[in-house]
Amino acid sequence: MVKERARILVVGGGYVGMYTALRLQGRLKRELRRGDVEITVVTPDPYMTYQPFLPEAAAGSISPRHVVVPLRRVLDLCHVVVGEVRSIDHAKHTASLTTLATAEEGTGPTQLTYDELVLAPGSVSRTLPVPGLAEHAIGFKSVEEAIGLRNHVIEQLDIASSTRDPAIRDAALTFVFVGGGFAGVEALGELEDMARYTTRYYHNVEPGDMKWILVEATDRVLPEVGPEMGRYTVSELRRRNIDVRLGTRLESCADRVAVLSDGSRFPTRTVVWTAGVRPHPLLAATDLPRTERGRLKCTPQLTIEGAPHAWAAGDAAAVPDITADDTAQPGGPGKETAPNAQHALRQARLLGDNITHSLRGEPLETYAHRYVGSVASLGFHKGVAHVYGRRFKGYPAWFMHRVYHLSRVPTFNRKARVLAEWTLAGLFKREIVSLGSLEHPRAEFELAAGGKPPTDPTSDPKGSS
C-alpha cells in the first residue's frame with residue numbers, strides 16, 4: 001500500500017510515457033480508484049505513434065489511424081492533458097505547461113505541482129545549418145509527416161505526367177533522402193516500392209524515369225544490423241537503381257537544388273531529412289543533470305542522478321548499459337543503452353515497477369537487457385535482420401520484421417486491425433490515391449465563400465506537406 005497520497009507527473013506520451021503510465025495504472029489500480037495516487041500525463045498529442053510502422057503507413061500498407069494509439073482509451077485511470085511542458089523546477093517540484101485552453105484564452109503557462117516526475121519527452125530531428133533545409137525538406141518522425149510525404153510523392157508523379165517542361169518533370173521525379181539509419185532506409189525502400197507500383201497507372205511515367213538518392217555521411221547504412229547486412233542493403237538498393245551515396249553530405253537544398261559534398265547537383269522537389277535525432281529541447285529547461293550530449297544522467301534503476309523522485313527512460317535518458325561487453329552491440333563496456341524502441345519498451349515497464357516499489361518503500365530493480373538484434377524492411381517482401389547473432393535477408397527478414405512489430409504494437413485492437421490490413425493488402429491491389437487536400441480542408445469552402453483561391457500545390461516547396 002502507498003504510504004501517502006502521491007501525484008505522479010508523466011511528461012510525454014510516446015513509448016516511455018504511455019507504457020510507464022500503463023504499467024503504473026495496472027500496478028496501482030486500487031490506489032488510483034481510492035484517490036491515493038493521481039497520474040497526470042502531459043503530451044502534445046492525444047495519441048502514441050508506433051514509429052516503426054510509419055514507412056508502411058507512408059506506402060499505404062497500413063491505415064494512418066492504426067499506427068497511433070489513443071491515450072485516453074488506454075490510460076482510462078490517468079488524467080491525460082494535451083499540452084506542452086515548457087520548463088521544470090524540480091527543486092520546487094513544479095512544471096510550467098501550456099495547453100490548448102491557455103493558448104485559446106491568451107493566458108500564460110500554468111503551474112503543475114507533483115511528487116514524482118517521469119521525464120520522457122523523447123527526441124526531435126537533429127538538423128544542421130544546411131541552406132534551404134527548413135524551407136524545403138520534410139522530416140519523418142510523425143504520422144502526419146509520413147502521410148504528407150506519401151501524398152507529396154504521388155503528387156510529384158501527377159506533376160511529371162502533366163507537365164511539358166522537362167526541367168520540372170526531372171525535378172518532380174527526383175527524390176533525395178538524407179540519412180542511412182532505420183528511418184531513412186525503410187522510408188526510402190517502402191516509398192520507392194510504392195511509387196514504382198504506382199507508375200503502372202501513368203501512361204507517360206516509367207519506373208526508370210525516377211531518381212531515388214540516399215545520402216549518408218558515414219561509410220555504411222543500418223549499422224544496427226551489422227556490416228555484412230549493411231553491405232547487402234546497399235547492394236539491394238542499388239540493384240533497384242537507387243543511387244546510394246556513402247561518405248557524402250547534403251550541403252544545400254536551396255532553390256530546390258540538392259547540392260552534395262561530392263559536387264553532385266540534383267534539381268528536386270523532394271528532400272526527406274532522417275539524419276538522426278537529438279534530445280528534446282525541454283531537457284535544457286530543467287534543473288536536472290545532463291550528459292555532454294544533452295541526455296539526462298540516469299542510474300541503472302532509471303532514477304535521475306542526484307534528483308530524488310525524478311525518473312527518466314528512452315531517448316531522453318542516458319541509462320548505463322550494465323550488460324555491454326566487447327562482443328555486444330556497438331558501445332563496449334560502460335556505455336549507454338541505445339535510444340531505440342527495444343530498450344524504451346523494457347525500460348518503461350521497469351520504470352513503472354520501480355516507481356511502485358518506491359511508493360511502497362520496497363527496493364528498486366536494476367535495468368539489464370542484452371541487445372537482441374534488429375530488423376529492417378526494404379519494401380514489400382524485402383528486408384534485412386540480425387537477430388541473436390544470426391543474419392537474415394530477403395523475404396525471411398521481411399517476415400520477421402512484420403511478426404516482431406505486430407507483436408510489439410500496443411493493444412489487441414491495433415494488432416487485429418494491422419493484421420487485417422496486411423491480409424487484405426495481399427488479396428487486393430495497392431491504393432494509389434493522394435489525399436493532399438485533407439491538409440487544407442477549408443480551401444474549397446473559402447474559395448466558394450469568396451476568399452482567396454487555395455495555394456497551387458506545385459508552388460509549395462514541400463508540396464502538400
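Observations on the structure shown:
- Cα pair distances exceeding 17 angstrom across region 234-278, given as percent: 43 percent
- ³J(HN,Hα), Karplus 6.51/-1.76/1.60, whole Hz, each residue of region 157-174, x for Gly, Pro: 5, 5, 5, 4, 6, 9, 7, 9, 8, x, 5, 5, 4, 5, 5, 5, 9, 10
- Taking the square roots of 5 times each eigenvalue of the Cα gyration tensor of the chain, largest first, gives ellipsoid semi-axes of 39, 27, 21 Å.
- Translational D in µm²/s for region 39-164 (Stokes-Einstein at 10 °C, 1.306 mPa s, Kirkwood Rh from C-alpha pairs): 90 µm²/s
- What the phi angles of region 27-39 give under the Karplus curve with 6.51, -1.76 and 1.60, with θ = phi - 60°, is a coupling list of 6, 10, 4, 5, 5, 5, 6, 7, x, 6, 10, 10, 10 Hz, glycine and proline written as x.
- Dipole-positive endmost among Ala146, Val178, Ile168 within region 141-193 (Cβ charges, Cα centre): Ile168
- FRET E, pair Thr366, Thr113, Förster distance 30 Å, beta-carbon r, rounded to 0.05: 0.50
- The calculated pair-distance distribution of region 143-278 uses every alpha carbon pair, bins of 5 angstrom beginning at 0, and gives 2, 10, 21, 23, 21, 15, 7, 2, 0, 0 percent.
- Estimated translational diffusion coefficient (Stokes-Einstein, Kirkwood radius over Cα pairs, 4 °C, 1.567 mPa s) of region 254-391: 72 µm² per second.
- Equivalent ellipsoid, region 130-220 (semi-axes from 5 times Cα gyration tensor eigenvalues, Å): 23, 15, 14
- Taking Cα centre as origin and charging only the Cβ of basic (Lys, Arg, +1) and acidic (Asp, Glu, -1) residues, the dipole magnitude of the chain rounds to 1220 debye.
- Alpha-carbon centroid distance for the pair region 119-177 / region 241-255, whole angstrom: 14 Å
- Long pairs among Lys141/Lys429; Lys382/Lys429; Lys141/Lys415, criterion Cα-Cα beyond 23 Å: Lys141/Lys429
- Residues with amide H under 5 Å from that of Arg290, placed H, sequence gap 5 or more: Lys297
- All other residues whose Cβ lies under 10 angstrom from that of Asp193 are scored, Lys and Arg at +1 and Asp and Glu at -1, for a net of +2.
- Residue-count net charge about Leu282 - beta-carbon cut-off 9 Å; Lys, Arg +1, Asp, Glu -1: 0
- Net length gained if the chain between Arg240 and Lys92 were fully extended (0.36 nm per residue, minus Cα distance): 47.5 nm
- Inter-label distance, nm, simple model (7 Å from Cα along the C-beta direction), Glu105/Arg265: 5.5 nm
- Summing Lys and Arg as +1 and Asp and Glu as -1 over all other residues whose Cβ lies under 12 Å from the Cβ of Phe177 gives a net charge of -3.
- The label-point distance for Ala285 and Asp36, in a model that sets each label 7 Å from Cα toward Cβ, rounds to 3.5 nm.
- The label point for Asp158 and the one for Ala449, both projected 7 Å from the Cα toward the Cβ, are 2.3 nm apart.
- Under 5 Å from the amide H of Thr268 lie the amide H atoms of Val257, Ala258, each residue being 5 or more positions distant or on a separate chain, with H modelled from the backbone and absent for Pro and chain starts.
- Estimated vicinal HN-Hα couplings, Hz - region 53-65 in sequence order (Karplus 6.51, -1.76, 1.60; Gly, Pro = x): 8, 4, x, 6, 5, 5, 7, x, 6, 10, 5, x, 5
- Kirkwood Rh in Å, taken over region 25-110 so that all alpha-carbon pairs contribute: 15.3 Å
Taken together, the values in this text are just the output of simple stated rules run on the coordinates, not laboratory data. Note that this is a predicted model, so its numbers are computed, not measured. Note that each Cβ is placed from the backbone with ideal geometry, even for glycine, and that neighbours are counted across all protein chains shown.
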